[in-house]
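The values are calculated or read from the model by the stated rules, or taken from the named source; none is laboratory data. Here the structure is a predicted model, which means the values were calculated and not measured. Cβ sites come from the backbone with ideal geometry, for glycine too, and all protein chains shown count toward neighbours. Calculation scope for accessible area: heavy atoms of the full protein, side chains included, ligands and nucleic acids excluded. Shrake-Rupley method; radii C 1.70, N 1.55, O 1.52, S 1.80 Å.
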Amino acid sequence: MYRKIAFIFLMLTSSVISAQTTIPIIPKPKYLRLEETSPFSITKQTLLIAPKGNLEVQFLKEIIQKQLGFDLATSTTALKSKNSIELSLNPLLKMDLEEYKIEINSNLIHIEAANSNGLFYGIQTLNQLMEYYSKTNSQIPALTIVDQPKFKWRGMHLDVSRHFFPKSDIKKYIDYLALYKMNVFHWHLTDDQGWRIEIKKYPKLTSVGAFRKESMVGHYNEQRFDGKSYGGFYTQEDIKEIVAYAQQRHITVVPEIEMPGHATAALAAYPEFSCTSGPFEVATKWGVLDDVFCPNENTLVFLKDVLDEVLPLFPSEYIHIGGDECPKTRWQQCAKCQALIKREGLKDEHELQSYFVSQIEKYINKKGKKIIGWDEILEGGLAPNAAVMSWRGTEGGIAAAKAKHFVVMSPGSHCYFDHYQGEQKTEPLAIGGYTPLEMVYDFDPIPTELTADESYYILGAQGNVWTEYMEDFAKVEYMAMPRIAALSEVLWGKDSTSNYADFKDRLLLHFSLLDKMKVNYSKALFEVKAKITASTTRLLQVELVAANPSSSIFYTLDETQPTSHSLLYSKPITIEKNTLLKAASFEGDTQKSTVLEQKFAIHLATGATVTLKEEPSNSYKANGAFSLVDGMYGDRGKFGRDWLGFSGKDAMATIDLGSIKKVHTITIDVLSSPASWIYYPKQITVSYSENGIDYSTERSISVQEIEVSKGIVKVEIPSASLRYIKVNAFNQGKIVVGNPGAGEPAWLFIDEIKVE
């Protein structure tokens, strides 16, 4: 929850550090001052001091053993002359704000806090310092830190339904959260593709629901399957072990039991709780499926029985009940559902979902818990005490906060870590999207639309890791790290001195800790980034930037691989013809980044001025309107940052070629990926003009023609002299029943408009 910064922080300058010194602590402390005294050296003789019964000292002892190989002695008594690390509780510090303080001089590291949470966060700060300064004989500089988090909910999510990960991997994930002072682990345990938690009263939930006959391979669009049985689940003893492990690291585990949608795995085991009685099998495809729980009394009894076994396993205040992506197709055709709507005086199926959620909420409230659900639970009216997790942008969270409901912000634009984080052409396969490290870092969980009083209801935010395209834990690590680090700093609380360049400098130094932990983190930060603009002569200008300013960039334009003997980048590159650019960063002769490969196709509209009637979604805005004429084509297999995406809106573009030109063909690229709710436009129209006022009769292309052309729409026109071109791609609107995302706004994706 948002809190006012303590008075002490208003009196101190945030993060007072020598301009020449980078202290690699993530998240950045509120106040840090380097002291002008000798550093502290951790040796085999260093003594650990803590109050009797303090559990954090054992955690610190284990960290030092792992980091430095020292098995240090512990004591409950301070020895003034002894080189020591002391933990202490100070009731004057702010317990509710999880405040801690570290003071380091040549003889003592002193960590104090009002409670064990604060002590633990101080230990994690010391953990990061130890790793970095272990290279200098563990001489940790003398400093003072006073620190506290801004938000109450600092979370990370993990989907184990699409792909299952054993206990050891879940514990690793929790360790990563603890390292960055995150305090909520949202564990997505059930979905269409697998039920992962043992329920003793309903054993078929795991004997049947935890296993599917095969899994998709490649991207959803390819519709390929591996033919191999897949599954797994956690026993209740496994759950208890993991929850206890998280508690030791001051992390609350919030389970998610999906309802009323995403229920196919449960219905495969118990089809009587559906509208049609089945039969069903555990889903092998990704996406949204029509068969959901039938919200009648028998189903409610079943789900209450399930919750009776789930709730005692998790001491968390909140239980996540999903509530997202629930098609109403079966409910519309179900006599029992229609009778229930009539009996309860409900308006429609959306209010039926709200009725269902309210029944579950009342039951959970009686058990002393609260529910949280995805923002679809707002539809039809929000249950009285429910909290909302806003994923479809921030609008749902804003509406909930204005209605005085607590909110966790998790918009796909900034918090979905299953999106690409680097150049998709060289990245491992992902669902799509583009959420680079800087975008995560720039996220602000408190929307500007909220007043100070309304902002009180923003608990915080979390990153989500959906695992359709993460077949093993190494891929989870790659997709989550280091984006977790960026989000942790957002949630710990940035201030006016916080900036991405400073964060990046600390992260580059911090990577050695992840290396020591053998984390398979993404190296996308090191990639060479290309910024494409139009020159005054309407050619393309390519500006290259490396993550580390001290690196050199070498590039080629002849399709060969770049080496430290290739062309040295020193100024923007002009692209005058069809070209394949390859570039990489080097330190000396050592290549530090993957090779950036970018094809450019030059045509009559390249670099032209483009205006859009409607702006694309922030999630898929690429390089804005210029993306339509930048000579770069979106990857259809790894659709990511090159596409413009419009949610429920039309893409209407006007291109100004700058002068009258002879034109023969206009080619438009559009995309279809129903699993991601991306559909071809229902129609495309093209017209053109010499003066921008009098336009030709529109040429119309139907969705059937678009499908035949597989999204590459080529419009032949009589040889014409023209300057202006209008291209209107009309969105499908609401997705029709029977398709993924039924009832939701369709996405329309468009890229290059080629003029020849």
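For every residue, the table says whether it meets (1) in contact (Cβ under 8 Å) with a residue 24 or more places away in the chain; (2) open to solvent by 10 Å² or more (accessible area, probe 1.4 Å); (3) not in a loop (DSSP other than H, G, I, E, B).
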{"site": "Ser413", "(1), (2), (3)": "yes, yes, yes"}
{"site": "Thr426", "(1), (2), (3)": "yes, yes, no"}
{"site": "Met439", "(1), (2), (3)": "yes, yes, yes"}
{"site": "Thr448", "(1), (2), (3)": "no, yes, no"}
{"site": "Tyr478", "(1), (2), (3)": "yes, yes, yes"}
{"site": "Ile484", "(1), (2), (3)": "yes, no, yes"}
{"site": "Thr497", "(1), (2), (3)": "yes, yes, no"}
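Out of Phe293, Phe280, which single residue is farther than 27 Å from Glu56 by Cα, buried (at least 23 other Cβ atoms within 10 Å of the Cβ) and of a type in the set (Phe, Trp, Tyr)?
Working: Phe280 fails: buried (at least 23 other Cβ atoms within 10 Å of the Cβ).
Of Phe293, Phe280, the one residue that is farther than 27 Å from Glu56 by Cα, buried (at least 23 other Cβ atoms within 10 Å of the Cβ) and of a type in the set (Phe, Trp, Tyr) is Phe293.
Could you tell me whether the range 655-665 includes any residue that is among the aliphatic types (A, V, I, L, M), open to solvent by less than 70 Å² (accessible area, probe 1.4 Å) and within 26 Å of Asn221 (Cα to Cα)? Explain how you work it out, then say what you get.
Kept after step one, since they are among the aliphatic types (A, V, I, L, M), are these residues of the range 655-665: 655, 657, 660, 663.
If we keep only those that are open to solvent by less than 70 Å² (accessible area, probe 1.4 Å) as well, we get 655, 657, 663.
Subset that is within 26 Å of Asn221 (Cα to Cα): none.
No, the range 655-665 has no match at all.
Which number in (1) crowded, with 21+ Cβ neighbours inside 10 Å; (2) within 30 Å of the chain's Cα centre (by Cα) marks the one condition that Ser274 misses?
(2) is the only condition that Ser274 fails.
Restricting attention to strands (runs of 3 or more DSSP E) lying wholly within the range 664-756, give those where 2 or more residues are modelled with pLDDT of 95 or more and either of a type in the set (A, V, I, L, M, F, W, C) or on the phi > 0 side of the Ramachandran plot (or both).
On the way: elements: 683-689, 699-702, 712-730, 747-755.
By residue number, 683-689, 712-730, 747-755.
Report, by residue number, each residue of the range 160-190 that is among the polar types (S, T, N, Q) and open to solvent by 10 Å² or more (accessible area, probe 1.4 Å). Outline the logic, then answer.
First, pick out the residues of the range 160-190 that are among the polar types (S, T, N, Q): 161, 168, 183, 190.
Correct list: Ser168, Asn183.
Just one of the numbered conditions (1) open to solvent by 10 Å² or more (accessible area, probe 1.4 Å); (2) of a type outside the set (Asp, Glu); (3) more than 18 Å from Gly278 (Cβ to Cβ) is not true of Lys213; which one?
With (1) open to solvent by 10 Å² or more (accessible area, probe 1.4 Å); (2) of a type outside the set (Asp, Glu); (3) more than 18 Å from Gly278 (Cβ to Cβ) applied to Lys213, the lone miss is (3).
Before we move on, is Lys52 in a loop (DSSP other than H, G, I, E, B) and either in contact with a helix residue (DSSP H, G or I) (Cβ under 9 Å, 6 or more places away or on another chain) or open to solvent by 30 Å² or more (accessible area, probe 1.4 Å) (or both)?
Details: in a loop (DSSP other than H, G, I, E, B): yes; either in contact with a helix residue (DSSP H, G or I) (Cβ under 9 Å, 6 or more places away or on another chain) or open to solvent by 30 Å² or more (accessible area, probe 1.4 Å) (or both): yes.
So Lys52 passes the test.
So, Leu491, is that one out of contact with any Lys or Arg (no Cβ under 8 Å at 6 or more places or on another chain) and under 22 Å from Tyr416 (Cα atoms) or not?
Details: out of contact with any Lys or Arg (no Cβ under 8 Å at 6 or more places or on another chain): no; under 22 Å from Tyr416 (Cα atoms): yes.
Considered against the rule, which asks whether it is out of contact with any Lys or Arg (no Cβ under 8 Å at 6 or more places or on another chain) and under 22 Å from Tyr416 (Cα atoms), Leu491 comes out as no.
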